Amino acid sequence: MRRAAEERLGQNDSEFLQYGAKQGDGNFRQALAEFLSRSYGFPAGPDSLFITSGASMGLHLICTLFTRPGDTIFVEEPTYFFALQIFADHTLKLVPIRTDENGLRIDSLEEELATSRPKFLYIIPTFQNPTGHSLSQERRERLVTLSRQHNFLLVADEVYHLLNYSGQPPKPLAAETEAGNVISLGSFSKILAPGLRLGWIQANPEDIQRFINSGLLNSGGGMNPFTSAIVCRVLETGGLDQNIAKLIATYRDRLTVMDSALRRYLPGVEYTLPRGGYFFWIHLPNGINATELQHRAETFKVGFRPGTLFSCQGGLQDYIRLCYVFYEADELEQGILRLKQSLDLMEY
Ligand SMILES: Cc1ncc(COP(=O)(O)O)c(C=O)c1O
């Protein structure tokens, strides 16, 4: 980042200090399109991209432009808890759709579609937050078909897609934006740095135009032109590819450490080994209440997110989400040991 900033600030061009182009700087979108074409494995053009100040802002803008208070949307059960808060900010009515190790369950979606039509379905198709699961290829195809048949939008939050530690995940839903009603959210938060507040929306030309025409963009211009100019340099010099390769190597090791610590200290818990992303989603034995466990764990100075936070209906009380990417191996070991000590104090 330092090198990219020095190089960019050394150029005799201060355009990025002006209000930016509403869709996002053209050079930056071009560099991002090249990066995405390479990493996602299908061609993406700069015109299909709209620069945001992160996936959260993208989601907020979609709610603002595509929904009215009281509208129904579908969400995965469980789903990213701050997305639930964004939906609450827009007073949307949420319908939970069940999920399993292969992601969203199509039978559950079909059941709900029999009685209501959502404005959109919010989905995290790859390395989901909080479960780490990915939607299978077969379900992706069914989902896209259903969204066209029933005429609702798919909002795919794909911020973990490139953090893949074994094998190749299915193509992102971003691959479907050209053909129809899919909007994909991307972000630099998980692959470069969240403090940049920089991300993108990938969508068809009409939807892109809708974002460009919003009052927010008319008033403030394109998002973060200054940061975009520096990150553009990172993209042009291959710095992002290098960083992702480093993250994957580091996180893959941490995942292995977390997995073996869980198996050593907590043989009674159930989980599917994640293949990418940030999280383990753990089912506690004997209906242990995760919020009570959290209180015990605080005394051991170890933290996690209780499952109920990710439920739009107050369920999943015997699940916890563990994040392994931020810590060194010895801290992960210590954390799982302390979790075991907290669990030992619970009566089950
Ligand atoms: C699924 C999901 N979407 C969005 C975000 C936030 O992304 P951003 O920092 O780009 O707003 C997160 C961060 O945890 C996330 O897990």
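The values are calculated or read from the model by the stated rules, or taken from the named source; none is laboratory data. Values in this document were obtained by computation on a predicted structure and should not be read as measured data. Virtual Cβ from ideal backbone geometry, glycine too; neighbours counted across all protein chains shown.
Might you let me know whether region 147-157 holds any residue that is assigned to a loop (DSSP other than H, G, I, E, B), polar (S, T, N, Q), more than 10 Å from the ligand (Cβ to nearest atom) and on the phi < 0 side of the Ramachandran plot? Looking for residues that are assigned to a loop (DSSP other than H, G, I, E, B), polar (S, T, N, Q), more than 10 Å from the ligand (Cβ to nearest atom) and on the phi < 0 side of the Ramachandran plot, one finds none in region 147-157, hence no.
Restricting the first member to region 314-337 and to residues that are charged (D, E, K, R), and the second to residues that are surrounded by fewer than 18 Cβ atoms within 10 Å (Cβ to Cβ), the beta-carbon pairs closer than 6 Å and six or more apart or on different chains are Asp318/Gly287.
Residues in region 209-239 that are farther than 28 Å from Met1 by Cβ, of a type outside the set (Ser, Thr, Tyr) and either in contact (Cβ under 8 Å) with a residue 40 or more places away in the chain or in contact with a Gly (Cβ under 9 Å, 6 or more places away or on another chain) (or both): Arg210, Ile212, Asn218. Within region 101-121, is there a residue that is surrounded by fewer than 20 Cβ atoms within 10 Å (Cβ to Cβ), farther than 24 Å from Thr64 by Cβ and within 18 Å of the chain's Cα centre (by Cα)? For region 101-121, residues surrounded by fewer than 20 Cβ atoms within 10 Å (Cβ to Cβ), farther than 24 Å from Thr64 by Cβ and within 18 Å of the chain's Cα centre (by Cα): present. Would you mind stating whether Leu185 is under 21 Å from Gln30 (Cβ atoms), in a loop (DSSP other than H, G, I, E, B) and modelled with pLDDT of 95 or more? No, not satisfied. Here the condition is being touching a residue at least 12 places away in the same chain (Cβ under 8 Å), farther than 24 Å from Phe152 by Cα and among the acidic types (Asp, Glu); of Asp13, Asp25, it holds for Asp25 alone. The requirement of being out of contact with any His (no Cβ under 8 Å at 6 or more places or on another chain) and surrounded by 20 or more Cβ atoms within 10 Å (Cβ to Cβ) is satisfied by Ile230. Of the residues making up region 91-104, those that are in a strand (DSSP E or B) and of a type outside the set (S, T, N, Q) are Lys93, Leu94, Val95, Pro96, Ile97, Arg98, Asp100, Gly103, Leu104.
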